[in-house]
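Enquirer: Starting off with a structure, shown below.
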Amino acid sequence: MVVHLCCSVDAGYFLKRIKEDYPNERIIGYFYDPNIHPYSEFKLRSLDTKRICKKLGVEYIEGEYNYYEWLKAVKGLENEPEKGSRCSVCFDFSLEATAKFAKKIGDSKITTSLLMSPMKSHEQLNAIGKVIKRKYGVDFLNVDYRKKGGTQEQQKYARKHQMYRQDYCGCLYGIWQQKKNQEIIDELISPYPFQILPSSIEEKLKFYENRTNLEEKGIKYKIVKEKFLNYRLLNAKVEIKKKVINSYTLFYSYLDRPQRVKIDFVNKDVAYSNRSEIIFVKLSFVNALLKKDYYNLFELYKKPLNISEELKIREAITAAKYSLSPIIILEEFKDERYDVFINAKIYPDTKEILIKLQ
């Protein structure tokens, strides 16, 4: 039996029950979710689903991420609500691919862990399963493990195995609908692979890869959450006489409105402005502190600092590591007025941390 898998939380308990109810079946987990956006989220969900399959002794196959084909399939349905016609097309897209895969390997039975999700319609899935059966000649197993406390057992199973718990269905249009009232939608802001931002999908992917390494080494751990002040720089620039000059704005730099400043005094390649706590730093200072060899800011743009390096610069200059004073890297200082524009958001957030157990 080929079981289409959507995420670890739905897959884990669903596969457990399938194995119990069909002990003589050879179970193959087929992770096929080209609807998931962005790609790093696809890899993160695949990583944790593969992990739970390994724990259950289920063979795991990651399907192709043919995102553009999925976009074409749901064109015109972008504004449909959850459980609407876009979801039907999405289910059909995934189950058809699962049926093709089953036929390719000589299997004649499929099902999907989407049946486990309280956010998905059994009626939609069963109707699509019947169409798939007629079209491809494979049986669709329609089971409802949500009944009789199944959803509660699913959540207990997910907590026990410390699974990755995403906070949106997966697709781009679902994110917009679910998070349209949020000021920042983290999933849609990422300079990766140039930087990995705090609490971003890319950071979570690294986090869960590290968790997998701990498990492979037999190291016990717990995952806990902590609150912190997150930051996203949306755009920034520095001008002299309305001409943009090369600059690089560091993490946690914040202004509530544009400011015109002059340099008040300079101390060891660090220039302090006459207002708004704006600080300018020469690229030479960065090179010396971080042992870098940037020739100019263009090189820094192409290979930017990581966040910990940016915070190290901030800590070296300011009394507080997490100050919000704007710190801007320049190639040289000029006796001119600088117009500084910083569009950034600061907001409370949570992130997961690993605690190794003694």
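Enquirer: Do we find that E336 is under 17 Å from I263 (Cα atoms) and surrounded by fewer than 16 Cβ atoms within 10 Å (Cβ to Cβ) in this structure? Before the answer, list the steps.
Expert: Values: under 17 Å from I263 (Cα atoms): yes; surrounded by fewer than 16 Cβ atoms within 10 Å (Cβ to Cβ): yes.
Against the criterion (under 17 Å from I263 (Cα atoms) and surrounded by fewer than 16 Cβ atoms within 10 Å (Cβ to Cβ)), E336 qualifies.
Enquirer: Considering only segment 20-38, I want to know if a residue exists there that is hydrophobic (A, V, I, L, M, F, W, C) and assigned to a helix (DSSP H, G or I).
Expert: The answer is no, given that none of the residues of segment 20-38 is hydrophobic (A, V, I, L, M, F, W, C) and assigned to a helix (DSSP H, G or I).
Enquirer: From the list S46, S40, S8, exactly one residue is in the same structural domain as K148 (by TED's automatic domain parsing), among the small types (G, A, S) and buried (at least 24 other Cβ atoms within 10 Å of the Cβ). Which is it? Give the derivation first.
Expert: On the way: S46 fails: buried (at least 24 other Cβ atoms within 10 Å of the Cβ); S40 fails: buried (at least 24 other Cβ atoms within 10 Å of the Cβ).
Just one listed residue meets the conditions, S8.
Enquirer: Do we find that I61 is of a type in the set (A, V, I, L, M, F, W, C), touching a strand residue (DSSP E or B) at 6+ places or on another chain (Cβ under 6 Å) and outside any helix (DSSP H, G or I) in this structure?
Expert: Criteria met by I61.
Rundown of residues vs (1) loosely packed, with under 14 Cβ neighbours inside 10 Å; (2) of a type in the set (V, I, T); (3) farther than 29 Å from L205 by Cα, yes/no style:
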| residue | (1), (2), (3) |
| --- | --- |
| K135 | yes, no, yes |
| V138 | no, yes, yes |
| L141 | no, no, yes |
| Q154 | no, no, no |
| Y157 | no, no, no |
| M163 | no, no, no |
| C169 | no, no, no |
| I175 | no, yes, no |
| K179 | no, no, no |
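Enquirer: Would you check which residues across segment 64-86 are assigned to a helix (DSSP H, G or I) and surrounded by 15 or more Cβ atoms within 10 Å (Cβ to Cβ) and list them? I'd like the intermediate steps shown before the answer.
Expert: Of segment 64-86, the ones assigned to a helix (DSSP H, G or I) are 67-73, 85-86.
Those that are assigned to a helix (DSSP H, G or I) and surrounded by 15 or more Cβ atoms within 10 Å (Cβ to Cβ): Y67, W70, L71, A73, R86.
Enquirer: When you scan segment 33-47, do you find a residue that is in contact (Cβ under 8 Å) with a residue 60 or more places away in the chain, among the charged types (D, E, K, R) and touching a Ser or Thr at 6+ places or on another chain (Cβ under 8 Å), even just one?
Expert: Yes, segment 33-47 contains at least one residue that is in contact (Cβ under 8 Å) with a residue 60 or more places away in the chain, among the charged types (D, E, K, R) and touching a Ser or Thr at 6+ places or on another chain (Cβ under 8 Å).
Enquirer: In segment 275-312, which residue that is farther than 23 Å from L255 by Cβ, of a type outside the set (S, T, N, Q) and in a helix (DSSP H, G or I) is farthest from the chain's Cα centre (by Cα)?
Expert: Selected residue: A288.
Enquirer: If K100 satisfies every condition in (1) more than 30 Å from Y208 (Cα to Cα); (2) crowded, with 19+ Cβ neighbours inside 10 Å but one, which is the exception?
Expert: (2)
Enquirer: Which of the residues belonging to segment 192-225 are loosely packed, with under 13 Cβ neighbours inside 10 Å and closer than 24 Å to Q178 by Cβ?
Expert: Selection gives K225 alone.
Enquirer: Show the residue pairs meeting these rules: Cβ distance below 6 Å; 6+ apart or different chains; first residue within segment 9-21 and more than 14 Å from M119 (Cβ to Cβ); second residue outside any helix (DSSP H, G or I) and among the β-branched types (V, I, T).
Expert: Cβ pairs passing all conditions: L15/V58.
Enquirer: Scan segment 54-63 and give yes if some residue there is surrounded by fewer than 17 Cβ atoms within 10 Å (Cβ to Cβ), at pLDDT below 95 and at negative phi, otherwise no.
Expert: There is no residue in segment 54-63 that is surrounded by fewer than 17 Cβ atoms within 10 Å (Cβ to Cβ), at pLDDT below 95 and at negative phi.
Enquirer: Checking A236 against (1) part of a strand (DSSP E or B); (2) surrounded by fewer than 18 Cβ atoms within 10 Å (Cβ to Cβ); (3) of a type outside the set (F, W, Y): exactly one of these is not met. Which one?
Expert: (2)
Enquirer: Among the residues in segment 15-28, are any in contact with a helix residue (DSSP H, G or I) (Cβ under 6 Å, 6 or more places away or on another chain) and not aliphatic (A, V, I, L, M)?
Expert: no
Enquirer: Tell me which residues, restricted to segment 117-140, are small (G, A, S) and closer than 30 Å to D167 by Cα.
Expert: Those that are small (G, A, S) and closer than 30 Å to D167 by Cα: S117, S121, A127, G129.
Enquirer: Right, something else. Can you pull out every residue in segment 181-191 that is farther than 17 Å from R165 by Cα, surrounded by 15 or more Cβ atoms within 10 Å (Cβ to Cβ) and touching a helix residue (DSSP H, G or I) at 6+ places or on another chain (Cβ under 8 Å)?
Expert: Within segment 181-191, just S190 meets the criteria.
Enquirer: Would you tally the residues in segment 254-274 being under 15 Å from D335 (Cα atoms) and under 30 Å from the mean Cα position of the chain (by Cα)?
Expert: Qualifying residue count for the region: 0.
The values are calculated or read from the model by the stated rules, or taken from the named source; none is laboratory data. None of these values were measured; they are calculated from a predicted model. We place every Cβ from the backbone using ideal geometry, glycine too, and count neighbours over all the protein chains shown.
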